[in-house]
Amino acid sequence: MKTKWIVTEIDGKVASISTDYRHLKTIGAALAELPPESIGSVTTRKISTAELAAMKPAWEDLRLFGTPFQLKVWKTLFDIPRTRIYSYSELAALADNPQGVRPVAHAVAINPVAWVIPCHLIVPKETLDKAKEIRETAEKTLFKGQDLYLLDSIDVGEFAYGADIKRELIKLQLA
């Protein structure tokens, strides 16, 4: 994938990772509320998808601006095992808000740190149901579904940077 990612850091802590500068407005507004002496430097740099995949910062290495609810959802998402895809309702339950699927989905949608907080692993429940149905059908074939790769044929849901990039990040994460 030839996507270039823009990493914004505040005092060496990652504040956003995006394919564009969409998060700078939110970061700028949040910084404007802080005392000037509390911020040393704000930098941006472009990296490749391979460099993005190599990033493994700890939660403490992030500088995120959001509501307490958004931060809770992002921390929950940051902590999930990155070995499979999840539905929005599963994430809502993990975030102790099983009835709040829509607010959780909104927090996922505005995640400022692509890849590091793996919002790409969250898909509609219908997608997981369809994948399970296809997998069960494939198990009855000669190859037992071993060579079946579903990702290109199912709806992975919305993603700020497009479905194709979401599919690529899922493939990279689950490889």
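The values are calculated or read from the model by the stated rules, or taken from the named source; none is laboratory data. All values derive from a computational prediction rather than experimental measurement. When we count neighbours, we look across all protein chains shown, and the Cβ atoms used for this are built from the backbone with ideal geometry, even at glycine.
Residues checked against (1) aromatic (Phe, Trp, Tyr); (2) touching a Cys at 6+ places or on another chain (Cβ under 6 Å); (3) within 28 Å of Ala131 (Cα to Cα):
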site: Val42; (1), (2), (3): no, no, no
site: Lys46; (1), (2), (3): no, no, no
site: Lys56; (1), (2), (3): no, no, no
site: Trp59; (1), (2), (3): yes, no, no
site: Lys72; (1), (2), (3): no, no, no
site: Thr76; (1), (2), (3): no, no, yes
site: Asp79; (1), (2), (3): no, no, yes
site: Ser89; (1), (2), (3): no, no, yes
site: Gly100; (1), (2), (3): no, no, yes
Just one listed residue, out of Leu31, Leu94, Leu62, Leu71, is of a type outside the set (Lys, Arg) and buried (at least 18 other Cβ atoms within 10 Å of the Cβ), and it is Leu62
Thr141: passes all of (1) more than 16 Å from the chain's Cα centre (by Cα); (2) modelled with pLDDT of 80 or more; (3) not hydrophobic (A, V, I, L, M, F, W, C) but (2)
When Arg63 is run through (1) more than 12 Å from the chain's Cα centre (by Cα); (2) more than 18 Å from Ile27 (Cβ to Cβ), the failure sits at (2)
Of (1) at pLDDT below 95; (2) of a type in the set (Val, Ile, Thr); (3) touching a helix residue (DSSP H, G or I) at 6+ places or on another chain (Cβ under 6 Å), Val108 satisfies every one except (1)
Met55: passes all of (1) surrounded by 15 or more Cβ atoms within 10 Å (Cβ to Cβ); (2) free of Cβ contacts under 8 Å to residues at least 60 places away in the same chain; (3) of a type outside the set (Gly, Ala, Ser); (4) under 21 Å from Asp11 (Cα atoms) but (2)
message = Please verify whether Ser38 is among the polar types (S, T, N, Q), loosely packed, with under 13 Cβ neighbours inside 10 Å and either modelled with pLDDT under 95 or touching a Ser or Thr at 6+ places or on another chain (Cβ under 7 Å) (or both), treating the condition exactly as stated.
response = yes
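Table: residues versus (1) touching a strand residue (DSSP E or B) at 6+ places or on another chain (Cβ under 7 Å); (2) among the β-branched types (Val, Ile, Thr).
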site	(1), (2)
Ile39	yes, yes
Thr43	yes, yes
Arg63	yes, no
Leu91	yes, no
Ala95	no, no
Of (1) in a loop (DSSP other than H, G, I, E, B); (2) out of contact with any helix residue (DSSP H, G or I) (no Cβ under 6 Å at 6 or more places or on another chain), Thr26 fails just (1)
Among helices (runs of 4 or more DSSP H) entirely inside the range 38-104, those with 3 or more residues being in contact with a helix residue (DSSP H, G or I) (Cβ under 8 Å, 6 or more places away or on another chain) are 68-79, 88-94
